[in-house]
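J.: Mind having a look at this structure? Questions to follow.
Just so it is clear, none of the values below were taken in a lab; they were calculated from the coordinates. Only a predicted model underlies this, so the values are computations on that prediction, with no experimental measurement involved. Don't worry about glycine lacking a Cβ; one is built from the backbone with ideal geometry, like all the others, and counts go over all protein chains shown.
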Protein chains: 2
Amino acid sequence: MTNFTLILDFNTNIPLYEQLYQYITTEIKSGNLRPNEKLPSKRSLANHLGVSQNTVIAAYDMLIDEGYLVSKERSGFYVSPLDANAFPAIPDIKLPTPTTSNNPLPTKYKYDFNTNLVDTTFFPYKTWTKITKDIMYNDPTLLNHGDPQGDECLRDELAKYLHEFRGVNCKPSQIIIGAGIEYLLGIIFHILGKSSFAFENPGYYKTYKIAQNNNVPVNLIELDDEGMSVTKLSASKSSVAYITPSHQFPMGIIMPIKRRLELLKWANESLDRFIIEDDYDSEFRFNGRPIPSLQGIDNHNKVIYLSTFSKSIAPSIRIAYMVLPEQLLDIYKRDFHYYSSTVSRFEQNCLYQFIRDGHFSRHINRMRNIYRSRKDKLIAELKVLPNQDKIEIVGENAGLHLLLKIKNGMTELSLLESAKKVGIKLYGLSNYFIDGNPTIDNTVVLGFSNIEIDDIAVAVKLLNNVWFTNNTSK
Amino acid sequence: MTNFTLILDFNTNIPLYEQLYQYITTEIKSGNLRPNEKLPSKRSLANHLGVSQNTVIAAYDMLIDEGYLVSKERSGFYVSPLDANAFPAIPDIKLPTPTTSNNPLPTKYKYDFNTNLVDTTFFPYKTWTKITKDIMYNDPTLLNHGDPQGDECLRDELAKYLHEFRGVNCKPSQIIIGAGIEYLLGIIFHILGKSSFAFENPGYYKTYKIAQNNNVPVNLIELDDEGMSVTKLSASKSSVAYITPSHQFPMGIIMPIKRRLELLKWANESLDRFIIEDDYDSEFRFNGRPIPSLQGIDNHNKVIYLSTFSKSIAPSIRIAYMVLPEQLLDIYKRDFHYYSSTVSRFEQNCLYQFIRDGHFSRHINRMRNIYRSRKDKLIAELKVLPNQDKIEIVGENAGLHLLLKIKNGMTELSLLESAKKVGIKLYGLSNYFIDGNPTIDNTVVLGFSNIEIDDIAVAVKLLNNVWFTNNTSK
């Protein structure tokens, strides 16, 4: 008992039993309390410390549970036979300090032509919050686990939507909802096993990276004017083609029906061939209705349809989905039956009601008009610049970005650097050449979804100044 | 022009240009419009159909974009040289009907001792909804992409919480937030590459399944009274041990400090060895504060700490997280830099404020009290049953489930079946023997987190009736 030099602090938030627990573990770790040493009885320790017996009981119970002490019936409490030297030196415990980034402060840009941003001004906050609230109060069962493929109500609604607006033919049971295409692609790579995958080049670096992380063999296929070349695809011996036919990323090509048919024919030539159709921004076609999906003209179950709400609602709403052909569904069910859905059921059900009650269609229509005005304005401003022979607009027939080729002799890097000087963040096409060998060095990718219409004229004028007025090229 | 037998429907919601578009694609697909056939001029078709030229222009533009038509300057519009036979037979398009399950209606249970349910009555709806609303209105930037590891504010708050309540030592930069442990384990398996993994047996079937899906070599390690045996672990030649030391799932063992130290010693013997500590329900210890984490006594960066809010908040809130040792963080950053976080930023930020403002601590305290009363009641009811020599309670010192061994001669299957007859859903321990070779055949796993306290006495009496009164065993 003389060993117990502990002074309890009655004025802190730390409960007394915990102070006692801490004290005894420290004494054991430091070797002051030796293996097999007997501890005071609960009553005598309580008297010694001037606390209730319950306090000592609580501390002793914890120590027994965790193996620091053993209780011997009718005898008392003993230190477990532990080697004090076996305890790692107690780490230097620091309370974490708020993260401070080591990176220099980012340049402050006035205009950012990032393809990955949406204009958050127009998010339907009121509706979304109202639905969220209703859901939370009305359906407590949503707090428990849901269907691994995603809640049935949302899949039913999605199947209807996809049929009506994208021409996709599927049953709700073919739909799998997941938190982003990264996650869904991981499932696809698993299901398709040892296939080798053909990716568009230039293309979507992220999906290529995901394939690499999944140890999937990848062939990069050059594009021609119609998208992925079937000749080159065949020559690559790939069995799965990952394509963005509605609006090739980043080239903006709408794959013509002829090429679509050729690709379906290619897929039909062998049982193990499939096409992954990534329909990432297909809601945004500005002349006429969205381009019907490739999935909808396939009747041999060869197309895995993949899409997301990142562009149509917001990137931070992590809801993507895929439509699996029936014959792949069995493998999915066999191997992913045990997985929980990666999407919060609150958000799944919010999205379900958002679509069901027509809010989604209205939101898309509204955003389509807003984005159309921006695109039209951007093109109009570009078309009235003086050096028309040195400016070429590419891939502007759908989607939320277009390409701008600048033939003033500047390299891509100098185009970007000069834009940066006037506060404009641009992205070079070379980034999208997945193999790092860009064949084009004078083209920038302009995402216009987060540039306000009133800023467009100013931004274009600034670009014109740095590219055509202030530079020395011919 | 005589070919154009289209009758436009002016009384539908389908826009006229779209009806025209549909008509022409169908004519091309069916071969009625032949390759290279010239189409009527915009003006004459508009006159013929009695519509404005804009309608025809919109339809022709769509058809050109999609490659059905080509426009030849100063000549007109022609059908593309497509082979009508190349079109797949048009699929039989059916509007999806609501999914109806083929499974027979599930038995209606009165009481479900599932370990995977939480009591949703006590979810802090009001606070959660209020925070959600505040967030949506106050920070529109949350709609755009966030940090791939999870938002910094949440990681800062988690690091503090983990230090204070779980004894975990980490910087916010070591934390990775993800939508469920399935997703995070996928990352761990990738980072640890060709390691072979030791799993507890009996153990968590789901994590084993995830390992299989990731093609990871797995060794199943038998448990002794203290958890995973280090001797058997060493013999297995595994390099990574996946354990649940705070409350072994399903056996309920609290790993004693001696075994913890042995495991850390084992991990330190080779550079490629690591321990994955899954702390899935550690908030719920009922005598004293939660058992400190293994991560906190490791000072060689050998422990990957993994946990989730499934038990502490709700299974449908898909927020889990892991703490990576610094030396693994580089690989993570190299390979997952391009991935978006799988968790909605709304929910990340809601959780952040929920923890920051003390709601989480209060919620945990409240739930701990509720679950403690249920556990105490369950044990008390079991302890007054007449056949005490035939009942053994195991693993009741922490967490949200306990094991009940019934030594009345009945097999597990008959224990479950007889419970089912009186409306009680029980789960057999044999399910958790991952290799399918259970060594125990008379034990059920009782999750008590979703059984109301007033139901416990009734449920226990019902079980006593079917197990001890109505059966013929000794």
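J.: Computed from the mean reciprocal separation of all distinct C-alpha pairs, what Kirkwood hydrodynamic radius does chain A have, in Å?
T.: That comes to 27.0 Å for chain A.
J.: Something else about it: Could you tell me which residue out of B:LEU192, B:ALA241, B:THR439 lies farthest along the dipole of chain B toward its positive end? Charges go on the beta carbon: Lys and Arg +1, Asp and Glu -1, centred on the Cα centre.
T.: B:THR439
J.: May I pose another question? Between beta-carbons, use under 15 Å as the cut-off and find the net charge around B:GLU73, counting Lys and Arg +1, Asp and Glu -1. Before the final figure, lay out the partial values.
T.: Working: positive: B:LYS38, B:LYS42, B:LYS72, B:ARG74; negative: none.
Combined, the nearby Lys, Arg, Asp and Glu give +4.
J.: Mean residue ellipticity at 222 nm from the helices of the protein assembly as shown, using -39,500 (n - 2.57) per DSSP H segment of n ≥ 4 over the full residue count, to the nearest 500 deg cm²/dmol?
T.: Details: 28 runs with 346 residues, N = 948.
Dividing the helical sum by the residues of the protein assembly as shown leaves -11500 deg cm²/dmol.
J.: Run the paramagnetic zone check for B:ALA84: 7 angstrom along Cα to Cβ, then residues of segment B:12-43 with backbone nitrogen under 14 Å.
T.: The answer is B:24-38, whose backbone nitrogens lie closer than 14 Å to the label point.
J.: Under a straight-distance cross-link criterion of Cα-Cα below 26 Å, which lysines are reachable from B:LYS38, leaving out those fewer than 8 residues away in the same chain?
T.: A:LYS258, B:LYS29, B:LYS72
J.: As a footprinting exposure proxy, order B:ASP298, A:ASP147, B:ASP357 by other Cβ within 10 Å, with the fewest listed first. If you can, show how the numbers build up before the last one.
T.: Numbers: B:ASP298 24, A:ASP147 17, B:ASP357 13.
So the residues, fewest neighbours to most, are B:ASP357, A:ASP147, B:ASP298.
J.: For a quick check: with amide H placed at 1.01 Å from N, whose amide H comes under 5 Å from B:ILE276's, ignoring anything fewer than 5 positions away on the same chain?
T.: Counting only residues 5 or more places away or on other chains, the set is B:ALA241, B:TYR242, B:ILE243, B:ILE304.
J.: Please report which chain A residue places its beta carbon nearest the axis carrying chain A onto chain B, with the distance rounded to a whole angstrom.
T.: Checking which Cβ lies nearest the axis yields A:ALA179, 2.
J.: For segment B:115-182, what class follows from the C-alpha gyration tensor (a ≥ b ≥ c being the square roots of its eigenvalues): rounded when a/c is under 1.5, otherwise prolate if a/b is larger than b/c, else oblate?
T.: On the way: a/c = 1.69, a/b = 1.07, b/c = 1.58.
Oblate is the answer for segment B:115-182, as a/c is 1.5 or above yet b/c matches or exceeds a/b.
J.: Once you put a point 7 Å from the Cα of B:SER373 and another 7 Å from the Cα of B:GLU392, both along the Cβ direction, what distance in nm separates them?
T.: With each label point 7 Å from Cα toward Cβ, the separation is 3.2 nm.
J.: A:LYS194 label points, 7 Å along Cα→Cβ, one per copy: pairwise distances from this copy to the rest in nm, shortest first?
T.: With the label placed 7 Å along Cα→Cβ, A:LYS194 yields 1.8 nm.
J.: While we're on this one: List, shortest first and in nm to one decimal, how far the label point of B:ASP435 (7 Å from Cα along Cα→Cβ) is from its counterparts in the other copies.
T.: Between copies, matching label points for B:ASP435 lie 4.9 nm apart.
J.: Residue by residue through segment B:76-83, which ³J(HN,Hα) values in whole Hz follow from phi under the Karplus form 6.51 cos²θ - 1.76 cosθ + 1.60 (θ = phi - 60°), with glycine and proline marked x?
T.: Those phi angles translate into x, 10, 10, 5, 4, x, 9, 8 Hz.
J.: Next question. Residue by residue, what Karplus-based ³J(HN,Hα) values in Hz, rounded to whole numbers, does segment B:291-297 have, using 6.51, -1.76 and 1.60 with θ = phi - 60° and x for Gly and Pro?
T.: My calculation for segment B:291-297 gives 4, x, 5, 5, 3, x, 9 Hz in order.
J.: If you don't mind, there's one more thing I want to ask. Report, largest value first, the span of the C-alpha coordinates of the protein assembly as shown along each principal axis, in whole Å.
T.: So the extents along the principal axes, rounded to whole Å, are 108, 71, 50.
J.: Taking the number of other C-beta atoms within 10 Å as the exposure measure, put B:LEU324, A:LEU426 in order starting with the fewest.
T.: Numbers: B:LEU324 27, A:LEU426 23.
Ordered from fewest to most neighbouring Cβ atoms within 10 Å, B:LEU324, A:LEU426 come out as A:LEU426, B:LEU324.
J.: Whose amide H sits under 5 Å from the amide H of A:TYR427, counting only residues 5 or more places off or on another chain, with H placed in the peptide plane?
T.: A:VAL445
J.: Given N residues in segment A:353-404, what is its alpha carbon radius of gyration divided by 2.2 N^0.38 Å?
T.: Values: Rg = 15.3 Å, N = 52, 2.2 N^0.38 = 9.9 Å.
This ratio for segment A:353-404 stands at 1.55.
J.: Over all Cα pairs of segment B:286-394, how is the pair count split among 10 Å bins, expressed in % and running from 0 up to the last occupied bin?
T.: For segment B:286-394, the pair-distance distribution reads 10, 27, 31, 19, 10, 3, 0.
J.: Would you mind counting up the charge near A:VAL460? Only other residues with Cβ under 11 Å from its Cβ, with Lys and Arg at +1 and Asp and Glu at -1.
T.: Numbers: positive: A:LYS377, A:LYS383, A:LYS461; negative: A:GLU381, A:ASP455.
Overall, the nearby charge balance is +1.
J.: Take the alpha carbon gyration tensor of segment B:169-224, find the square roots of its eigenvalues, order them as a ≥ b ≥ c, and report rounded if a/c is under 1.5; if not, report prolate when a/b exceeds b/c, else oblate. Walk me through the numbers on the way to the answer.
T.: Working: a/c = 1.85, a/b = 1.59, b/c = 1.17.
It comes out prolate by the Cα gyration axes.
J.: Do the alpha carbons of any pairs in B:LYS130/B:LYS171; A:LYS311/A:LYS375; A:LYS126/A:LYS311 sit beyond 22 Å of each other, and which pairs? Write down the numbers at each step before the final one.
T.: Values: B:LYS130/B:LYS171 30 Å; A:LYS311/A:LYS375 16 Å; A:LYS126/A:LYS311 19 Å.
B:LYS130/B:LYS171, as the Cα separations exceed 22 Å there.
J.: Moving on to the next point. For the pair B:SER234 and B:LYS110, what calculated FRET efficiency results from E = 1/(1 + (r/R0)^6), where r is the Cβ-Cβ distance and R0 = 56 Å, to the nearest 0.05?
T.: About 0.75, to the nearest 0.05.
J.: Order these by the 10 Å Cβ neighbour count, fewest first: A:PHE284, B:PHE468.
T.: Working: A:PHE284 21, B:PHE468 17.
If I rank by nearby Cβ atoms, fewest first, I get B:PHE468, A:PHE284.
J.: With each pseudo-label sitting 7 Å past Cα toward Cβ, what's the B:THR12-A:ASN465 distance in nm, one decimal?
T.: Taking the two extended label points, one gets 5.4 nm.
J.: What is the angle, in °, between the Cα long axis of helix B:345-356 and the longest principal axis of the Cα atoms in chain B? Nearest 10 is fine, range 0 to 90.
T.: The two axes meet at around 30 degrees.
J.: So how tilted is helix B:125-138 from the main axis of chain B? Cα-based, degrees 0 to 90, rounded to 10.
T.: Helix B:125-138 and the main axis of chain B meet at about 40 degrees.
J.: Could you work out how far the C-alpha centroid of segment B:265-335 sits from that of segment B:340-365, in angstrom?
T.: Each part reduced to its Cα centre gives a spacing of 19 Å.
J.: Give the nm distances, rounded to one decimal, from B:GLU222 to the matching residue in every other copy, measuring between label points 7 Å along Cα toward the beta carbon; shortest first.
T.: 6.3
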